[in-house]
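Notes for the one structure printed next.
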Amino acid sequence: MPVFPNVITAKLPKAGTTIFTIMSALANAHKAINLSQGFPDFSCSEELTGLVNKHMKNGSNQYAPMPGVMALREMIAQKTEALYGASYDPETEITVTAGATQAIYTAITAMLHEDDEVLIFEPAYDCYIPAIELNGGRPVFYQLNAPDYTIDWKDVQKLINHHTRMIIINTPHNPTGSVMTADDMAKLEKLTKDTGIIIVSDEVYEHILFDGHRHESVARFPDLANRSFIISSFGKTFHTTGWKIGYCIAPKNLMEEFRKVHQYLVFSVNTPIQYAIADFLKDKDNYVNLSTFYQGKRDYFIKQINGSRFTFNPSAGTYFQLLNYQGISEEKDTDYAVRLVKEFGLAGIPVSVFYHQPTDNKVLRFCFAKQDETLEKAAAIICKI
């Protein structure tokens, strides 16, 4: 096999195989129930796949416009205004992306310069830090306050200085399932007032909140919206994570910079799927009822595990539930997660991997975007431990 003969200086020297790949491979090897990776094990709407097929047959199989199919951008604008009272121009302020991760990378790349600092709230989704480092930035970390994973904004204030270029927020929050409140947004608004700080708001679970919580998009807060890239995901909303379709909305002057990067990163996104989603969005029930659907999943799962030795606070959003095993074992969460697969046949994600320096609170993350039968089998295992 060919081998490069020289020394390679890695741009991401600490990066390895992601925990999601590791745990899924381990689950497959041991034929375990896989609640580790965040995707449903049930099908998306037949109506939606039928629309994709229709647009393929109608010939929508060539390059889409660089910013996205206009019909879809218009529907995104309508949805955003109806839900959050914010008006965005589909021509200049909305771009369809190849998933939310691409949108996050593009926004970071468009805005970050060498040695700029980016504030991240940990535990944090794993794509943020590599994107910052690849663009010469420096991540700065604020640790959310467990077990509720709340924010003390006075402590956040201490981390802000003249090098702070960007703050990345994520609500509803992966991996913890916590949600930011209107008060959180007001404090973030005050914190960034009269600064040049950019907000990247990861809102991919915007339609999955429980117990009466309202999604506090930064779009609801004009002073925040003026400095924000808002990123969402149709994959999470429509149970189609493999389609990799998301979008970014931002003020025109920010979006101009975003598109400069986007056009050279992916240029354009899957054409027939864009047309299909545009049609599918015309029926608001296809997304406004998602919280009810997933709250049913969450409630079913936690009812099944109520008699277990694990402790937990019910997730407030996303389709993840954290379980604390402190009363069961003193093992590191990474070791315990592996043993859970090998000895019990159940895969979850150790939450310590979402910190830049492992912080072990004896917590695992489980995905409940699964069929009831899958959740029943997983819960039976959990209750035996």
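The values are calculated or read from the model by the stated rules, or taken from the named source; none is laboratory data. These numbers come from a predicted model, not from an experiment. Note that we place each Cβ from the backbone using ideal geometry, even for glycine, and neighbour counts take in every protein chain shown. Side chains included, ligands, DNA and RNA excluded: accessible areas come from the protein's heavy atoms. Shrake-Rupley method; radii C 1.70, N 1.55, O 1.52, S 1.80 Å.
Worth pointing out:
- Of the residues in segment 370-380, at least one is crowded, with 16+ Cβ neighbours inside 10 Å and not in a helix (DSSP H, G or I).
- A residue that is among the hydrophobic types (A, V, I, L, M, F, W, C), open to solvent by 30 Å² or more (accessible area, probe 1.4 Å) and in contact with a helix residue (DSSP H, G or I) (Cβ under 8 Å, 6 or more places away or on another chain) occurs somewhere in segment 22-38.
- Of residues in segment 310-341 being assigned to a strand (DSSP E or B) and open to solvent by less than 70 Å² (accessible area, probe 1.4 Å), the one farthest from Thr359 (Cα to Cα): Gly317
- Screening the candidates Leu83, Leu26, Leu51 for the property of being over 29 Å from Glu203 (Cβ atoms) and not small (Gly, Ala, Ser) yields one hit, Leu26.
- Segment 193-231: number of residues that are outside any loop (DSSP other than H, G, I, E, B) and within 13 Å of Cys248 (Cα to Cα): 11
- Some residue of segment 182-198 being of a type outside the set (S, T, N, Q), closer than 24 Å to Val266 by Cα and modelled with pLDDT of 95 or more: yes
- Qualifying residue in segment 76-98 (condition: modelled with pLDDT of 95 or more, of a type outside the set (A, V, I, L, M, F, W, C), farther than 15 Å from Phe258 by Cα and within 16 Å of the chain's Cα centre (by Cα)): no
- Taking the numbered list (1) more than 29 Å from Pro90 (Cβ to Cβ); (2) open to solvent by less than 60 Å² (accessible area, probe 1.4 Å) in turn, Val52 passes all entries but (1).
- Taken over segment 120-146, the criterion of being among the hydrophobic types (A, V, I, L, M, F, W, C), more than 26 Å from Pro314 (Cβ to Cβ) and surrounded by 20 or more Cβ atoms within 10 Å (Cβ to Cβ) is satisfied by Ile129, Ala131, Ile132.
- Residues (aliphatic (A, V, I, L, M) and either outside any helix (DSSP H, G or I) or closer than 15 Å to Tyr355 by Cα (or both)) located in segment 133-146: Val140, Leu144, Ala146
- Filtering segment 75-107 to residues that are assigned to a strand (DSSP E or B) and within 24 Å of Ile129 (Cβ to Cβ) leaves Thr95, Thr97.
- Scanning segment 185-205 for residues that are more than 27 Å from Tyr319 (Cα to Cα) and open to solvent by less than 10 Å² (accessible area, probe 1.4 Å) returns Thr192, Ile197.
- Test: Glu117 is open to solvent by 60 Å² or more (accessible area, probe 1.4 Å) and of a type outside the set (Val, Ile, Thr): no
- Screening Thr292, Thr318 for residues that are free of Cβ contacts under 8 Å to residues at least 24 places away in the same chain and among the β-branched types (Val, Ile, Thr) leaves exactly one candidate, Thr292.
- Filter pass, Ser268 being within 25 Å of Glu91 (Cα to Cα) and either buried (at least 21 other Cβ atoms within 10 Å of the Cβ) or among the hydrophobic types (A, V, I, L, M, F, W, C) (or both): no
- Boolean, Gly307 is modelled with pLDDT under 95 and surrounded by fewer than 18 Cβ atoms within 10 Å (Cβ to Cβ): yes
- Pair list, Cβ under 8 Å, 6 or more apart: segment 104-118 residue under 15 Å from Tyr247 (Cα atoms) and in contact (Cβ under 8 Å) with a residue 12 or more places away in the chain, other residue open to solvent by 20 Å² or more (accessible area, probe 1.4 Å) and in a helix (DSSP H, G or I): Tyr105/Leu265; Thr106/Val261; Thr106/Leu265
- Identity of the residue in segment 147-181, out of contact with any helix residue (DSSP H, G or I) (no Cβ under 8 Å at 6 or more places or on another chain) and part of a helix (DSSP H, G or I), that ends up least open to solvent (accessible area, probe 1.4 Å): Asp155
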